[in-house]
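A short write-up of the structure that comes next.
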Amino acid sequence: MSDLAALQRETLAAIESAGDENALEAVRVAALGKKGSISALLAMLGKLSPDERKAHGAAINALKDQVTEAIAARRAVLKKAALEAQLKREALDVTLPVRMPGIDTGRIHPISQVMDEIVTIFADMGFSVAEGPDIESDDYNFTKLNFPLGHPARDMHDTFFLAPDAHDGERKVLRTHTSPVQVRTMLAQKPPIRVICPGRTYRRDADQTHTPMFHQVEGLVVDQSATLANLKWVLEEFCKAFFEVPQVGMRFRPSFFPFTSPSMEVDIQCRRSGGEIRFGEGADWLEILGCGMVHPNVLLNCGIDPETYQGFAWGMGLDRVAMLKYGLPDLRDFFDGDLRWINHYGFEPLDIPTLAGGLSG
């Protein structure tokens, strides 16, 4: 019986010192498991005489009951301690300031904002928005736009070419402008046509004012009576609305684009002072876009009779006009994903551009 008393002290001490439920389970198995110390004593009762079995059996069963109760009590203590530790670990200090909801903390990227502004302006003039794929065929990106074979724009140093197609060997390109959308529109829609084509474009160029991927917006009008005078009026009204000035001087200079004839570069009146550019005033000029009358070959390539219809088109870098309007110094910042930058230059989520309420809020 002295051995039984020692086993009792040893087992109860192990239960009391168990630091977690895994340690407690190890004590239970060592005492009450199939090969445990108390289980072994119970197994030996069959070898004793009836009188010894009666005397020792009662003491061993009492020890078993005592150990079982001690384990249950210790398990309850450990469960409570674990729960309290979890609650302490996951506690939320409700006295801290509440985080502002996303609609107050989120910001609209300047590119998205400027695109919405441009769409708003041209929608008011009756233009619809046309879109197309970023990966284009050589035919839509160059040939139908009157780019002759051997033209520099087709060279590898300007254009991202994809691997040859496994079936026909054609090498598609990442579109170098959104003009293929104009081609797709003319092939799918009969005149009159009045669309703008915003979207991503790709060229091999990277510096402070150029990135390999950038945004353009182009416009196209095809009608029986489309003229240069109409083109100049559209661009003038756009510039006044976009830069939010009552009047703006514009200068049209002769230029060359394969898909327009005549072709022109457009400068806008501005004043440079202290690193700031103000439009609609001053004696300086800043190039802003290219334009011209749609080349008859382009109309023919798209199934439109140039003897009946004529058109005009223009295109501008959306990123560049965003920089000019909002004073953004480096085009590369547009694509850095810097939260501090977007918080500074971004727009409120509900700051939706309207001509009546003001484009830029």
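The values are calculated or read from the model by the stated rules, or taken from the named source; none is laboratory data. From a predicted model like this one, the values you see are computed outputs, not experimental measurements. Here the Cβ is made from the backbone with ideal geometry for all residues, glycine too, and neighbour counts use every protein chain on show. Ligands, DNA and RNA are excluded from the accessible area calculation, which covers all protein heavy atoms including side chains. Shrake-Rupley method; radii C 1.70, N 1.55, O 1.52, S 1.80 Å.
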Selection from GLY317, PRO349, VAL183 lying farthest towards where the dipole of the chain points positive, charges on Cβ: PRO349
Computed [θ] at 222 nm, deg cm²/dmol, the chain (DSSP H ≥ 4; -39,500 (n - 2.57); rounded to nearest 500): -12500 deg cm²/dmol
Length-normalised contact order of segment 1-113 in % [C-alpha pairs under 8 Å, at least 6 apart]: 26
Dipole-positive endmost among GLN86, GLN66, LEU96 within segment 15-109 (Cβ charges, Cα centre): GLN66
ASN297 versus MET44: modelled label distance in nm, points set 7 Å from Cα along the beta carbon direction: 10.8
Stretchable slack from ALA73 to PHE256, in nm (0.36 nm times residue separation minus alpha-carbon distance): 56.7 nm
Solution diffusion estimate, µm²/s, Stokes-Einstein, segment 300-361, Kirkwood Rh from C-alpha pairs, 37 °C, viscosity 0.692 mPa s: 214
Charge sum, other residues only, whose C-beta stays under 9 Å from VAL245's C-beta, Lys/Arg counted +1 and Asp/Glu -1: 0
Å² of accessible area per residue within segment 181-288, as computed with a 1.4 Å probe and no ligands counted: 49
Segment ASP158-LEU339, length gained on full extension (0.36 nm per residue, minus Cα span): 62.0 nm
Reach of LYS80 by Cα under 18 Å, taken over lysines that are not fewer than 8 positions away in the same chain: LYS88
Dipole axis of the chain (+1 Lys, Arg; -1 Asp, Glu on Cβ), positive-most option in PRO329, PRO254, GLN8: GLN8
Using a Förster distance of 35 Å, the FRET efficiency for ALA59-ASN22 (Cβ separation, nearest 0.05): 0.70
Neighbourhood charge, 10 Å Cβ-Cβ cut-off, centred on MET125 and excluding it, Lys, Arg +1 and Asp, Glu -1: -1
Trypsin sites (Lys or Arg not before Pro) within segment 29-138: DSSP coil, no more than 15 neighbouring Cβ in 10 Å: LYS34, LYS35, ARG99
For SER37, net neighbour charge (Lys/Arg +1, Asp/Glu -1) across residues whose Cβ lies under 11 Å away: 0
Angstrom value of the Kirkwood radius, inverse mean 1/r, which spans all Cα pairs in the chain: 27.0
Label-point separation in nm, THR354 to SER37, each point 7 Å along Cα→Cβ: 8.4
Carbon + sulfur, % of accessible area of segment 257-322 - ligands and nucleic acids excluded, 1.4 Å: 45
Segment 4-110: GluC sites (Glu not before Pro) in DSSP coil with no more than 10 other Cβ atoms inside 10 Å: GLU90
Spin-label proximity, SER128 to segment 163-205 - amide N less than 16 Å from point 7 Å beyond Cα toward beta carbon: 181-198
Over segment 239-361, equivalent-ellipsoid semi-axes from the Cα gyration tensor in Å: 32, 19, 15
